[in-house]
1. I want to confirm something. Restricting to the range 18-74 and keeping residues that are closer than 29 Å to Leu168 by Cα and of a type in the set (S, T, N, Q), which single residue is surrounded by the fewest Cβ atoms within 10 Å (Cβ to Cβ)?
2. Can you tell me which residue is modelled with the highest pLDDT among those in the range 6-42 that are over 24 Å from Lys228 (Cα atoms) and in contact with a strand residue (DSSP E or B) (Cβ under 8 Å, 6 or more places away or on another chain)?
3. Filter the range 144-173 down to residues that are without any contact (Cβ under 8 Å) to a residue 24 or more places away in the chain and over 19 Å from Ala112 (Cα atoms) and give me whichever is surrounded by the most Cβ atoms within 10 Å (Cβ to Cβ).
4. So is Glu176 in a helix (DSSP H, G or I), assigned by TED's automatic domain parsing to the domain that holds Leu69, out of contact with any Phe, Trp or Tyr (no Cβ under 7 Å at 6 or more places or on another chain) and surrounded by fewer than 17 Cβ atoms within 10 Å (Cβ to Cβ) or not?
5. Kindly indicate which of Ala192, Ala217 is closer than 24 Å to Leu168 by Cα and out of contact with any His (no Cβ under 9 Å at 6 or more places or on another chain).
6. Would you check if there is a residue in the range 191-210 being assigned to a strand (DSSP E or B), under 13 Å from the mean Cα position of the chain (by Cα), modelled with pLDDT of 95 or more and on the phi < 0 side of the Ramachandran plot?
7. Check off (1) among the charged types (D, E, K, R); (2) more than 30 Å from Val163 (Cα to Cα); (3) within 14 Å of the chain's Cα centre (by Cα) for Glu95 and give me the number that stays unchecked.
8. What is the residue count in the range 82-132 for residues that are modelled with pLDDT under 80, charged (D, E, K, R), in contact with a helix residue (DSSP H, G or I) (Cβ under 7 Å, 6 or more places away or on another chain) and over 15 Å from Ala192 (Cβ atoms)?
Amino acid sequence: MLAVAGQSGAPDVAKEVASIVRVDNPSVDVRMARVGTSPDDPAGLPAVLASAATMRPTDGPAAIVVPLLALPYPAVTDAIRYGVTQSNVNAYIAEPFNVSLTFAEALHIRLADAHLARADRVRMFSIPTAADGIIVATVGGTQSASAAIPTSVLLAARLALPVFAAALDGSPSIREAAAQLRHMGVGRIAIAPCIIGPEARPGDLEVACASIGADSAAPLGAHDSVAKLMTLAYGLALDELEASADG
């Protein structure tokens, strides 16, 4: 089950990710559920969990809930826990699975798509074009920005440019990261959003770009890497449940 935070862009992105996960895992019952909606929302987490429980009568968890998040976002995780509690269903919540190398490659592609970096066809190694400094933007405050640091380091190596991680909703802020880049002599900054999309508040990315005069690549969206990470998170949770049962 994919737990989707937010409303803006959520249906399309979540459906695309879910479709990819279903194709790659045909034996898994993949459902989508909105987080933080009203208790009577038929597409909300409590209702979807209740429906899943009727289809899986078992003593173990009726579902594994996978947050549709690229990086840790405590507020969303807390909302998922609350939704599971409200449902009265035995469900296991997976942790976001962060593979920094995969994120760095996906961000590189999104930057290239926006003509903010050029990807060599043979090595996928970039030649700087429109930007000479990058901010990897996250949501989820300090925790998400910290979790994005390894990705930033790997992206910097791929692009041969300075790269800093910053949060759209916390510290270090986009403005602070931009100030660091300006101090290093960077003239043109681009933002690479390390977000799937629905978890960010509408307009936050646009406001951040305007505040520092930067262009932005598109969020990760339904990139294949996102579906891969959701599958890995599910698999890790399944392994943990099996190990717990054996123990």
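1. Ser38
2. Only one residue tops the list, namely Asp41.
3. Here the residue is Ser173.
4. So Glu176 fails the test.
5. Exactly one of Ala192, Ala217 is closer than 24 Å to Leu168 by Cα and out of contact with any His (no Cβ under 9 Å at 6 or more places or on another chain), namely Ala217.
6. For the range 191-210, residues assigned to a strand (DSSP E or B), under 13 Å from the mean Cα position of the chain (by Cα), modelled with pLDDT of 95 or more and on the phi < 0 side of the Ramachandran plot: present.
7. Looking at each condition in turn, Glu95 falls short on (2).
8. The number of residues fulfilling the criteria is 0.
The values are calculated or read from the model by the stated rules, or taken from the named source; none is laboratory data. Since we're looking at a predicted model, the values are computed, not measured. Glycine gets a Cβ as well: all are built from the backbone with ideal geometry, and neighbour counts include every protein chain shown.
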